[in-house]
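The values are calculated or read from the model by the stated rules, or taken from the named source; none is laboratory data. Since the model is a prediction, treat every value here as computed from it, not as a measurement. When we count neighbours, we look across all protein chains shown, and the Cβ atoms used for this are built from the backbone with ideal geometry, even at glycine. Please note that ligands, DNA and RNA were not included when accessible areas were found on the heavy atoms of the full protein model with its side chains. Shrake-Rupley method; radii C 1.70, N 1.55, O 1.52, S 1.80 Å.
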2 protein chains.
Amino acid sequence: MFSSDKVVYFDYNATAVPLPQTHRLNMDIVDRCFGNPSSPHQCGREAKDLLESSRLRIAQLLGVSPQEILFTSGGTEGNNTILRQLALQISPQHVITSQIEHPSILETCRVLEQLPQIEVTYLPVTENGVIDPEILLEAIRPDTCLISLMTVNNETGVIQPMEQLSSIAQAHEIPLHTDSVQGVGKIPISWAEWGVHYATATAHKWGGPKGIGLLYVKQGASLEGLITGGKQERGRRAGTENVMLIHDFAESLQWTINQQAAVSTRLQSFKKQIINQLETTNGFFINGQVDSCLPSTLNVGFEGVSAESLLISLDLDNIAVSTGAACSSGAIEASHVLLAMGLDRKKAKSCLRISMGWNTIQEEVNYLMERIQFHVNRLYQKNNARP
Amino acid sequence: MFSSDKVVYFDYNATAVPLPQTHRLNMDIVDRCFGNPSSPHQCGREAKDLLESSRLRIAQLLGVSPQEILFTSGGTEGNNTILRQLALQISPQHVITSQIEHPSILETCRVLEQLPQIEVTYLPVTENGVIDPEILLEAIRPDTCLISLMTVNNETGVIQPMEQLSSIAQAHEIPLHTDSVQGVGKIPISWAEWGVHYATATAHKWGGPKGIGLLYVKQGASLEGLITGGKQERGRRAGTENVMLIHDFAESLQWTINQQAAVSTRLQSFKKQIINQLETTNGFFINGQVDSCLPSTLNVGFEGVSAESLLISLDLDNIAVSTGAACSSGAIEASHVLLAMGLDRKKAKSCLRISMGWNTIQEEVNYLMERIQFHVNRLYQKNNARP
């Protein structure tokens with residue numbers, strides 16, 4: 001039942017509402033499988049069995065082989081693992097990424113390009129927020145050793161043309177990494193068919209637990225581990241495996257992928273309602289072509305209205321939305337993604353991200369639409385009444 | 001109640017039996033604090049409040065300030081974070097560590113010393129498994145930029161002379177990192193008084209959850225993050241914070257430190273019983289001076305008996321023990337720690353680690369002693385009967 005006493009949550013892209021399968025652990029499993037999977041006794045073997053059976057389930061759900069899956073502490077570690085391999089190379093390295101990547105890619109590139117051997121090209125995007133394959137083609141150089149381009153943008157929900165981008169990388173025999181953190185569980189993911197070498201995912205974005213993610217490493221692709229020590233994960237990621245969270249990862253992913261089509265249809269309809277309702281609101285515009293975006297994500301602006309004021313007003317009404325990626329907040333700045341799409345700073349600061357998920361219901365959407373219209377009109381009039 | 005149907009667990013140094021406080025989460029907390037702590041709305045603020053109140057509790061328990069605590073995914077990530085800062089330096093770097101460190105230090109040093117600017121000295125230890133401060137003093141060079149020495153050895157339980165080691169590092173103004181993974185919760189830890197710059201801990205070694213650890217970074221000590229991206233942890237460790245596990249970390253640490261003296265007294269008495277009982281067993285010897293070891297840990301050998309056979313026999317009796325660090329197992333090799341203490345390969349392969357914890361009871365100790373004596377005598381006779 002809907003009650004506006006509880007928070008009405010429209011910030012699934014920051015982190016999803018936990019699925020009932022998550023954190024509601026079977027105590028029997030905790031007690032039986034607490035061992036260290038590396039230990040050669042019964043407690044170790046039971047933990048190891050749960051680890052490997054979970055890995056197998058996840059691999060089957062994602063259409064890859066279990067040997068191609070490596071568990072990490074989350075998306076940020078995964079992205080750092082791929083990029084920071086380059087820090088240990090001595091020969092010149094050229095990396096291609098895009099201006100709209102997550103901070104875990106962009107900030108890490110900025111650290112790496114301080115090394116004398118590393119150079120990074122940041123591809124621009126179209127005004128619709130798409131990475132143009134032609135632009136990728138032009139940026140490739142003889143010393144390009146890695147391309148990293150996201151599957152879905154976290155702020156706009158724009159789905160990138162992975163097949164085309166990947167075929168260019170393949171034609172030039174350059175390994176392609178894709179940050180699929182916002183894609184897995186929301187759209188069909190085909191790393192193997194796309195032919196990417198590496199991909200990143202994290203469970204909390206679909207309602208699984210925080211603190212557990214994975215790297216897909218295509219069979220035959222090399223990987224220099226970021227976190228070394230014990231021989232866990234076939235020598236590619238050291239540290240005692242987080243078996244309980246990995247089990248939850250598998251449980252929550254299975255539910256999510258089974259329900260993906262049904263949830264998408266429902267959210268797509270909510271999104272259309274929101275657009276239809278807000279279209280007549282003062283200064284309304286949409287970022288990213290609606291057809292090429294996630295059903296769950298809508299990035300909208302209201303020219304002449306401060307998104308920060310709007311966010312605070314909605315927060316007082318118990319509605320949680322975002323003005324951009326959660327990771328860069330604190331002080332609210334203009335989104336680097338919207339700036340890359342050609343918005344000026346002022347227009348970018350009038351934009352709101354509405355992101356929905358498995359637990360979003362019609363009554364919440366109705367309440368959101370009503371409160372946004374109310375506050376936008378109020379803030380717009382207040383601004384325009386000023387001298 | 002004791003029942004040998006359940007596994008009788010003597011491998012706490014690999015991972016501890018989970019405390020009742022761990023994983024038995026209050027569902028209200030999961031539902032209320034699932035938000036991303038970086039989000040500037042109510043869900044974010046509630047997660048952030050739980051994060052910061054947990055950090056404060058942990059800081060008070062460890063006698064440091066909350067700003068000096070940085071959460072990681074565990075001990076291995078913490079140790080890698082400290083060492084891998086050097087990979088981004090261009091000037092020559094000399095590092096001092098010891099031959100008995102955990103693989104997350106030793107393997108990472110081996111990766112780093114492949115870089116032309118990095119050189120590593122591995123200090124030997126005494127036959128009692130102690131790092132001699134005099135030997136550290138001799139190893140210091142003008143270009144020494146980091147010393148990393150463990151607080152307690154994981155295989156022998158030998159407690160290292162941290163105060164003396166630290167005062168030497170301080171006198172030479174060289175930052176000292178200590179891997180306290182096997183120390184926290186088991187002996188009083190005084191990072192601030194010792195004057196170390198960095199220290200590593202992980203929750204699952206005292207019965208907290210897996211997948212969450214911390215780095216102590218002394219106020220004023222520099223830290224170049226290993227995992228970059230968002231501005232979490234004051235810019236020093238990116239990635240959505242694992243608020244539930246951090247809350248469990250605080251809960252389990254509080255119980256552990258409150259009970260530390262009582263648990264230690266009980267385990268010390270168990271350890272004495274085991275030594276007294278086994279002393280007369282064929283080929284018995286102890287690794288590490290008993291007085292300078294953790295009350296919970298006993299590393300013993302039986303000359304002429306294969307520890308691997310002994311481990312398998314005990315496993316069939318539902319007893320879990322270890323032949324060394326869990327991380328390096330799979331194939332059972334001679335322990336690098338015991339080799340550094342001067343044992344030959346054959347003698348090292350006759351050694352067993354017995355590690356106890358908060359849930360170890362007298363009946364389990366009795367059963368362990370009886371089964372060890374039985375199997376050692378059986379294996380010894382079998383070996384000596386061979387031509």
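Numbers for the structure displayed
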{"item": "Mean separation of Cα contacts under 8 Å, 6 or more apart, over the residue count of chain A: relative contact order %", "result": "22 percent"}
{"item": "Buried on assembly, the stretch A:188-217 (at least 10 Å² less accessible surface than by itself, 1.4 Å probe)", "result": "A:204, A:210, A:211"}
{"item": "Sulfur and carbon atoms: percent of accessible area, the stretch B:177-280 [1.4 Å]", "result": "47 percent"}
{"item": "Where B meets A: accessible area buried, both sides, 1.4 Å probe, Å²", "result": "5400 Å²"}
{"item": "GNM top mover of A:164, A:89, A:60 - chain A, alpha-carbon springs below 10 Å", "result": "A:89"}
{"item": "Copy-to-copy label separations for residue A:306, where each label sits 7 Å from Cα toward Cβ, in nm and ascending", "result": "7.5"}
{"item": "Selection of GluC sites (Glu not before Pro), the stretch B:236-309, meeting DSSP coil and at most 14 other Cβ within 10 Å", "result": "B:279, B:303"}
{"item": "Shortest-first nm distances, residue A:193 label point to equivalent points in other copies (7 Å, Cα→Cβ)", "result": "6.4"}
{"item": "Per-residue average of Cβ from other chains inside 10 Å of B:108-114", "result": "2"}
{"item": "Amide proton proximity set for residue B:72, modelled H, under 5 Å, gap of 5+", "result": "B:213, B:214, B:215"}
{"item": "Accessible-area composition of the stretch B:86-146, carbon plus sulfur, in percent [1.4 Å probe]", "result": "52 percent"}
{"item": "Nearest beta-carbon to the B/A symmetry axis - residue in chain B, distance in Å", "result": "B:73, 2"}
{"item": "Neighbour net charge for residue A:285 - beta-carbon separation under 11 angstrom, K R +1, D E -1", "result": "-1"}
{"item": "Approximate shape of chain B as ellipsoid semi-axes (Cα gyration tensor, √5λ), whole Å, largest first", "result": "36, 28, 17"}
{"item": "Those lysines that a straight Cα-Cα span of less than 18 Å connects to residue A:271, excepting residues fewer than 8 apart in one chain", "result": "A:186"}
{"item": "Mean residue ellipticity (222 nm) of chain A, computed from DSSP H runs ≥ 4 via -39,500 (n - 2.57), nearest 500", "result": "-12000 deg cm²/dmol"}
{"item": "Accessible surface, per residue, of the stretch B:201-276 when the full set of protein chains is kept, probe 1.4 Å, Å²", "result": "33 Å²"}
{"item": "Cross-link pairs beyond the 20 Å C-alpha cut-off, checked among A:346/B:231; A:48/B:210; B:205/B:349; A:48/B:205", "result": "A:346/B:231; B:205/B:349"}
{"item": "GluC sites (Glu not before Pro) within the stretch B:121-217: DSSP coil, no more than 14 neighbouring Cβ in 10 Å", "result": "B:127, B:173"}
{"item": "Fluctuation leader among B:69, B:29, B:286 - chain B, Gaussian network, Cα springs under 10 angstrom", "result": "B:29"}
{"item": "Across the identical copies, how the residue B:53 labels are spaced - nm, sorted shortest first, 7 Å along Cα→Cβ", "result": "3.8"}
